[in-house]
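Structure first, then comments.
The values are calculated or read from the model by the stated rules, or taken from the named source; none is laboratory data. Because the structure is a prediction, the values reported are computed rather than measured. Note: ideal-geometry Cβ built from the backbone for every residue, glycine included; neighbour counts use all protein chains shown. Just so you know, the surface numbers come from the protein's heavy atoms only, side chains and all, with ligands and any DNA or RNA stripped out. Shrake-Rupley method; radii C 1.70, N 1.55, O 1.52, S 1.80 Å.
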Amino acid sequence: MVSSLRLPALTSLISPSFTRRSTVSLRRRLHLRPPLAAGFSAQSAASSPTETEDRVDSKKSGRVQDRGSTDRVITPRSQDFNAWYIDVIANAELADYGPVRGTMVIRPYGYAMWEAIQDYLNVKFKETGHSNMYFPQFIPYSFIEKEASHVEGFSPELALVTIGGGKELEEKLVVRPTSETIVNHMFTQWIHSYRDLPLMINQWANVTRWEMRTKPFVRTLEFLWQEGHTAHATLEEAEKEALQMIDVYTKFAYEQAAIPVIAGRKSKVETFAGADKTYTIEAMMGDRKALQAGTSHNLGQNFSRAFGTQFTDENGLRQHVWQTSWAISTRFVGGIIMTHGDDAGLMLPPRIAPIQVVIVPIWKKVDEKTGVLDAASSVAETLKNAGLKVKLDDTDQRTPGWKFNFWEMKGVPLRIEIGPRDVSSGSVVISRRDIPGKQGKVFGISMEPSILEAYVKDRLDEIQSSLLQRAISFRDSNIVDVSSYEELKEAISLGKWARGPWSASDADELRIKEETGATIRCFPFEQPQGTKACLMTGKPADEVAIFAKCY
């Protein structure tokens with residue numbers, strides 16, 4: 001069994017939370033685009049009946065929705081978390097709405113974050129023996145029907161094609177909601193003998209699920225993801241694979257996204273339609289809701305029996321293969337925003353950030369410009385040669401103060417300022433995004449390449465670690481251990497996560513969801529020892545479960 005990633009408990013925060021610059025300062029110094037929510041008023045009502053969380057909440061917030069005004073301020077997180085999230089996505093130019101309600105256009109800065117996720121995971125997938133390929137997005141509806149629980153679970157979300165080439169199709173097609181069915185159709189043609197196993201593939205693709213309430217990145221009609229699919233000769237191999245891949249996701253979340261997810265097993269009620277077991281990583285967002293950030297499924301033989309995916313074993317007997325599937329999607333971009341962002345906008349972990357360092361040259365007199373720009377270009381070249389992602393903002397249409405706030409809002413981890421005095425002294429000023437104001441600013445850092453490179457890399461590592469430790473502290477301070485249903489209800493009513501012993505029925509689990517809005521997010525891999533009493537029934541329970549409201 002692959003063990004889950006374990007990190008030592010925090011004894012103290014390495015940096016306290018800070019109040020960001022006032023919205024007054026932002027209003028004066030940063031000319032921002034209007035909130036993304038304003039885009040809903042321009043969308044065609046005929047495009048889709050899908051409702052959206054951001055549309056509903058923006059109405060409640062009472063914010064001005066016209067596009068005529070461009071002087072915008074990011075809504076404070078504590079005032080309206082959802083409005084803050086939508087404002088950040090709009091002003092940081094991460095995404096915009098597509099013409100079909102519930103869809104989004106991912107803009108270059110947002111897509112660069114997705115590319116950083118792809119770059120890391122692609123390497124890990126290949127290291128663990130998987131090959132990339134691609135399957136068609138149109139799937140015969142009869143495929144979906146072959147696995148009973150699968151069609152039952154996905155039917156409400158399916159998008160169907162019934163007309164092609166101007167004619168009604170003989171069989172309607174499903175626009176890919178997930179690929180287990182078409183994968184099995186092909187596996188049946190490719191797998192004949194035990195020598196063909198294990199078969200381990202992954203695809204980077206888009207999927208369509210007709211969600212009724214949408215939220216950019218978190219839940220949209222169409223989204224991007226990777227989905228891995230494997231076939232094995234034994235149950236043990238499939239189980240090892242499913243656990244291995246959730247461990248890959250866990251390490252990615254901690255090491256790259258600085259998000260301290262909790263890895264564990266889903267309850268039967270929450271298990272993927274068609275799987276024997278579902279493993280998950282659950283992340284706590286800034287509003288303390290849970291985000292299912294990635295899943296890995298042990299499919300058992302459910303799909304191989306439905307599709308007749310068999311192989312001849314070493315004894316000459318025909319056996320059904322054992323399978324897994326696992327996925328992570330662009331909702332992880334939303335998770336990064338909601339975990340680390342603050343009132344000033346994005347706050348990006350350096351390993352995910354599209355731009356790690358922004359350089360802002362500062363001059364007042366014309367005769368100072370050339371020297372400052374030459375020094376800034378030299379610093380940019382030094383850091384680029386060191387393998388860092390650098391942006392030199394040498395435009396003269398905006399003031400340095402505007403640029404400071406703009407790149408802060410974009411979440412760039414480090415800012416380097418270079419003025420005439422810095423050129424004379426051969427040094428720069430460096431500001432950290434995660435520590436605002438004077439406390440995060442250091443003067444007199446040498447421009448000498450080896451010194452500057454080492455300093456910048458050390459600070460980026462510190463920021464990466466600081467964001468993770470801050471998120472761990474926030475998560476741990478908002479999980480409450482409970483021993484009764486009354487305690488669970490109180491914890492959920494306070495917006496906390498509840499952790500308590502559980503051995504009750506599926507009906508009891510559904511009752512909790514109906515009465516509190518919370519679900520079992522997972523049974524964590526890391527469990528306390530000994531038998532406990534179920535919080536609902538008082539009967540013996542071997543495991544604790546985590547309950548929370550979720551996206």
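Is it the case that some residue within region 419-427 is in contact (Cβ under 8 Å) with a residue 40 or more places away in the chain, open to solvent by less than 20 Å² (accessible area, probe 1.4 Å), among the β-branched types (Val, Ile, Thr) and closer than 13 Å to Ala376 by Cα? Among the residues of region 419-427, not one is in contact (Cβ under 8 Å) with a residue 40 or more places away in the chain, open to solvent by less than 20 Å² (accessible area, probe 1.4 Å), among the β-branched types (Val, Ile, Thr) and closer than 13 Å to Ala376 by Cα, which makes the answer no. Evaluation of Ala471 against the conditions (1) over 25 Å from the mean Cα position of the chain (by Cα); (2) of a type outside the set (Asp, Glu); (3) under 30 Å from Gln439 (Cβ atoms) shows that the sole unmet condition is (1).
So that you can scan it fast, the table gives a plain yes or no per residue for (1) free of Cβ contacts under 8 Å to residues at least 40 places away in the same chain; (2) touching a helix residue (DSSP H, G or I) at 6+ places or on another chain (Cβ under 8 Å); (3) polar (S, T, N, Q); (4) assigned to a helix (DSSP H, G or I):
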| position | (1), (2), (3), (4) |
| --- | --- |
| Ile89 | no, yes, no, yes |
| Pro99 | no, no, no, no |
| Val105 | yes, no, no, no |
| Ile139 | no, yes, no, no |
| Ser142 | yes, no, yes, yes |
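What number of residues within region 168-187 are touching a strand residue (DSSP E or B) at 6+ places or on another chain (Cβ under 8 Å) and farther than 20 Å from Phe272 by Cα? Qualifying residue count, region 168-187: 6. Within region 304-323, restricting attention to residues that are without any contact (Cβ under 8 Å) to a residue 40 or more places away in the chain and in contact with a Phe, Trp or Tyr (Cβ under 9 Å, 6 or more places away or on another chain), the residue that is farthest from Glu180 (Cα to Cα) is Arg318.
The residues listed here are Asp374, Asp342, Asp367, Asp313; of these, the one that is among the charged types (D, E, K, R) and touching a Lys or Arg at 6+ places or on another chain (Cβ under 9 Å) is Asp342.
Screening Thr370, Thr382, Thr395 for residues that are modelled with pLDDT of 95 or more, over 21 Å from Glu453 (Cα atoms) and polar (S, T, N, Q) leaves exactly one candidate, Thr370.
Please go through region 428-440 and pick out each residue that is assigned to a helix (DSSP H, G or I) and open to solvent by less than 10 Å² (accessible area, probe 1.4 Å). Selection gives Gly440 alone.
When region 350-374 is limited to residues that are open to solvent by 10 Å² or more (accessible area, probe 1.4 Å) and in a loop (DSSP other than H, G, I, E, B), the one that is farthest from Arg421 (Cα to Cα) turns out to be Arg351.
Let's see how each residue does on (1) closer than 13 Å to Thr537 by Cα; (2) of a type outside the set (D, E, K, R):
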position: Ser477; (1), (2): no, yes
position: Val482; (1), (2): no, yes
position: Lys489; (1), (2): no, no
position: Lys496; (1), (2): no, no
position: Ser505; (1), (2): yes, yes
position: Leu510; (1), (2): no, yes
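Take Tyr120 and tell me if it is open to solvent by 60 Å² or more (accessible area, probe 1.4 Å), of a type in the set (Phe, Trp, Tyr) and either assigned by the TED database to the domain that holds Ile336 or within 20 Å of Trp326 (Cβ to Cβ) (or both). Spelling it out, it is not the case that Tyr120 is open to solvent by 60 Å² or more (accessible area, probe 1.4 Å), of a type in the set (Phe, Trp, Tyr) and either assigned by the TED database to the domain that holds Ile336 or within 20 Å of Trp326 (Cβ to Cβ) (or both).
Look through region 76-102, keep the residues that are in contact with a strand residue (DSSP E or B) (Cβ under 8 Å, 6 or more places away or on another chain) and open to solvent by 30 Å² or more (accessible area, probe 1.4 Å), and return whichever of them is farthest from Met409 (Cα to Cα). In this case the residue turns out to be Tyr97.
Only residues that are open to solvent by 30 Å² or more (accessible area, probe 1.4 Å) and not small (Gly, Ala, Ser) were counted across region 375-388, and they come to 3. Of all the residues in region 518-545, those that are under 17 Å from Thr278 (Cβ atoms) and either assigned by the TED database to the domain that holds Arg213 or open to solvent by 50 Å² or more (accessible area, probe 1.4 Å) (or both) number 2. Restricting attention to region 329-349 and to residues that are more than 17 Å from Tyr254 (Cα to Cα) and part of a strand (DSSP E or B), the residue that is least open to solvent (accessible area, probe 1.4 Å) turns out to be Gly345.
Restricting attention to region 273-304, the residues that are aliphatic (A, V, I, L, M), touching a helix residue (DSSP H, G or I) at 6+ places or on another chain (Cβ under 6 Å) and open to solvent by less than 10 Å² (accessible area, probe 1.4 Å) total 5. Of the residues in region 126-146, none is at pLDDT below 95, open to solvent by 30 Å² or more (accessible area, probe 1.4 Å), among the small types (Gly, Ala, Ser) and within 27 Å of the chain's Cα centre (by Cα).
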